[in-house]
1. Just list whichever of A:LYS52/A:LYS120; A:LYS167/A:LYS348; A:LYS60/A:LYS280; A:LYS154/A:LYS308; A:LYS120/A:LYS279 have alpha carbons separated by over 20 Å in the model shown.
2. Let's see if you can work this out: charge +1 on each Lys and Arg Cβ, -1 on each Asp and Glu Cβ, no other charges. What is the dipole magnitude of the protein assembly as shown about its Cα centre, in debye to the nearest 20?
3. Tell me: how much accessible area in total is hidden between B and A, 1.4 Å probe, Å², nearest 100?
4. Out of A:ALA45, B:VAL99, A:TYR166, whose Cα points farthest toward the positive end of the dipole of the protein assembly as shown (charges: +1 Lys, Arg; -1 Asp, Glu; placed on Cβ)?
5. With only Lys, Arg, Asp and Glu charged, each at its Cβ (+1 for the first two, -1 for the last two), find how big the charge dipole of chain B is about the Cα centre; round to the nearest 20 debye.
6. Positive end of the charge dipole of the protein assembly as shown (Lys, Arg +1 and Asp, Glu -1 on Cβ, about the Cα centre): tell me which of A:VAL190, B:LEU115, A:VAL54 has its Cα farthest that way.
7. What does chain A give for Rg and for Dmax, in Å, if only its C-alpha atoms count?
8. By DSSP, what percent of the beta bridges with both residues in the protein assembly as shown are antiparallel, rounded to the nearest 5?
Amino acid sequence: MSKIVATRRVVLNVGLGLTMALAVSGVISPAAAREKLVINSYGGAYEQIHRKLVIEPFSKKYDVDVQVITAYSADALAQLRAQKAAPQFDVIHFSGGQEVVAAREGLIAPIKPDELTNAKDLYPFAIEGLSRGEGPVHAVAAIGLLYNKEKAKKPEKWADLWNADYKDHVVLTDLSNSYGLLGFLMINKVKGGDLTKVDPGFDAVKTLLDSAVVVATSPEMQQNFAQNDAWIAPYAQDYAYTLRKAGLPIEFVQGAEGTPAVYLTANLVANRPNQDLAKKFIDFSLSAEVQAGWAQELRYSPTNKATKLDETVSKEVVYGPDAVAGLVRFDPVAVDANRAALVERWKKLIAK
Amino acid sequence: MSPSTDNGVVDTPPLPPQGVSTRVLGGIAEDATLSAPGVFLILLAFILPIGQMLLLSLENTTGGLTVEHFTRFLGDGYYLGIVWRTLRLSLLITVIAAVIGFPLAYVMAHVGPRLRLWLIILVILPLMTSVVVRTFGWMVLLGRGGLIPFTLWKLGFVNRNFTLMQTESAIVIGMVQVLLPFMTLSVLGVVMKVDRRLEEAARTMGASFLATLRTVVLPLAMPGIVAGSLLVFTLSVSSFITPSLLGGVRLPVVAGSIYEAATKTLEWNFAAAQSVILLIGVFLVLLPYLKLTGRRHG
C-alpha cells in the first residue's frame, strides 16, 4: 500500500509522461481504473498469435486491459445465451457461423459500416452481414485441395478427386470435423446437390470410399501425408501451411468450382456498457496490418483489400479480387439445422 | 481401478477380513461412520449422475418423456452393428488376454520373490504411461511402413502398401496390450494362493505337467480368471480412445458413438440413451457372475 502511495506522489511530481510509462509497465496497474474489454479467443497457436497481433497491440494503443477467455464458437454462443440477462463478454469471435444465430436472438448488437474506419477497405462479403446485425469477417480459412507436390500432379478442380491418377491416395475428412463438413458440402455442390439435396454428395463419396482413407482430426491428416502415402485431400489452407512447416511437401489449390471457407467474425455483444471501445477493438482486428499478420503467421486469408502481402505469403492465401470471387459460403443456419442428420448419414455410409 | 484391489475382492476367504475386524470393533454406528465417506462418494459421483443420465435418455425436445432415443438406436441396423462389433471385439480381447495372462501369471507365481517383483513391475509398467501415448506407439508400429507391416512385407506375406491401421486387428492388438495387466494381476492373486502341494500330489500320482495345469491349477485359478475377464471385458466395452485411434472413424464402437453424439453433434439425449444401453448390457454380463459367485464373495 505504501508503495502505491509513494508511487502516486512521484507521479504527481513528475507528471503525465511518467504516469503513462508506469501504467504501461504495470507498476500501478492494479490500483489504476483502466477500461477493460472481455473477449474470447480459440486457444492454442491461434490464441498466441491473436494476443501478439491484436490483443497486446490494442491494449497498448488504447491503454486498456483486455481479458481473454478461451472459448470455441459453439461454447461461446452457449455462454452468451446463458448470460443474456447480464452479458460478460464485450467482443465475441465466432468461426462456425454462430453470428447468424446470435444476431437473430439479439445476443449481439448491429454495427454500422461508418462506425468502423476499416469498413471501406473490406471486401463486400466481409461486411455483408452488418446489415443483418452480424459482425464483420476479419479472417478466412479457405478449404480446397491439399496435394503432395512430389508424388502427385497438381489438381485443378474438386472433380479431380475422382481422377484415376489419385486412386488409393485420397484422404477424406469425417463430417464431425467442420473442415470435413465444408469439404463435403462442396463435393455435394460440385456433383449438383445443394443443402436440401445431399444425395449427389453421398453417392459421389461412396464411389471413393473403397480406395480412400477417412480421418477425423488434423493430426491424422498429417500422419496420412507423412506416413501413409496420401496424395490429395480436401482440407484447409492454413493446415497446408502447418504441414509445410512440419517439413512435408504439401501445397494448397483452390478448386476451380469454388472455395468454401470458414469465416471468422468479430461481433459486438449487446447490452454492454463499453460498446465504443469494443467497436474500436473490432475495427482494430480489421486493419490491413493485423490481417497481414494473420496471413504471415497462420495463412488465414485477409478480408481487407488494402492488406499488403509479400509474394510467398500472397500465393499461400486467398488474395486479390479474383481469388476472393471464388469464395463460397453455405448458409450457416441451414448447415446447422442439417448437421446432425448429415453426420449420421455420413457415419452410416462410411462404417464398414 | 487398481487391479490389486480387485484381487483383494476375488481372493478373500469366505469371511472377509474387514468383516471380521468391524465385527470385533463394534456396532452399526462405527460401521456407518467408517463407510460414510465411501458411500457418500458413490452417491455423489455415481448414483446421482447415473440417475441424471437415465432422465436425460428419456427426455424429448420439449422436456417430456419419450423412448424415441432408444427406438432410434435399437431399430437401426447401423447402431446394432456397432453393438455387435463392440461385443465381438471385447469378447475376443478378453479371451486373448486370458490365454496370454494365465500362463504368465502361473510363471510369475512360481518364480522366486525377487524375479516375481521384477515381473510385476514389468506388467504394471505400461499402466504408468498414458493409454494415448501407448496407442500412438501402436500407430507407428502398425501403420503403413511401420515395423510390423514392413517385416511382413520383407518376409513376402503382404504387399508394400499393407497396413494394419484402421482394422479390427489393430483394435484387438492395442486393447490386449492395454488390458493385459488387469488380467495377469487378477489371476496372479489367485494362483499365488493355490497350495503347491496339490500340484506336487498330482505330479506324484502320474499326471503330466499339462494335465496338472488343466485339472488342478486351472480350476482353482478360475475365480481369478473370471474376475480378470470381467474387468477386461467391461473396460474394453467402454473404452473409446484406443478403438478410435487404431480403428478410425470407419470402425465405430459404442463408446465412440456416445462420444460423438455428446461432443460432435450435441445430441445429449441420444448419447444418454446409448450410455444406458451400454450400462444395461454390461449389467447383463455381470449378472450371471454375481449370481455364481455371490455366495462365496458377498
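1. From A:LYS52/A:LYS120; A:LYS167/A:LYS348; A:LYS60/A:LYS280; A:LYS154/A:LYS308; A:LYS120/A:LYS279, over 20 Å: A:LYS52/A:LYS120; A:LYS167/A:LYS348; A:LYS154/A:LYS308.
2. With only Lys, Arg, Asp and Glu charged at Cβ, the dipole is about 1420 debye.
3. Using a 1.4 Å probe on protein heavy atoms, the buried area is about 2000 Å².
4. Going by the charge dipole, the pick is B:VAL99.
5. Here chain B has a charge dipole of around 980 debye.
6. B:LEU115
7. Cα-based Rg and Dmax for chain A come out at 22.7, 79 Å.
8. Around 65 percent antiparallel, to the nearest 5.
The values are calculated or read from the model by the stated rules, or taken from the named source; none is laboratory data. This is a predicted model, so every value here is computed, not measured. For neighbour counting, all protein chains shown are included, and Cβ atoms are generated from backbone atoms with ideal geometry for every residue, glycine included. Ligands, DNA and RNA are excluded from the accessible area calculation, which covers all protein heavy atoms including side chains. Shrake-Rupley method; radii C 1.70, N 1.55, O 1.52, S 1.80 Å.
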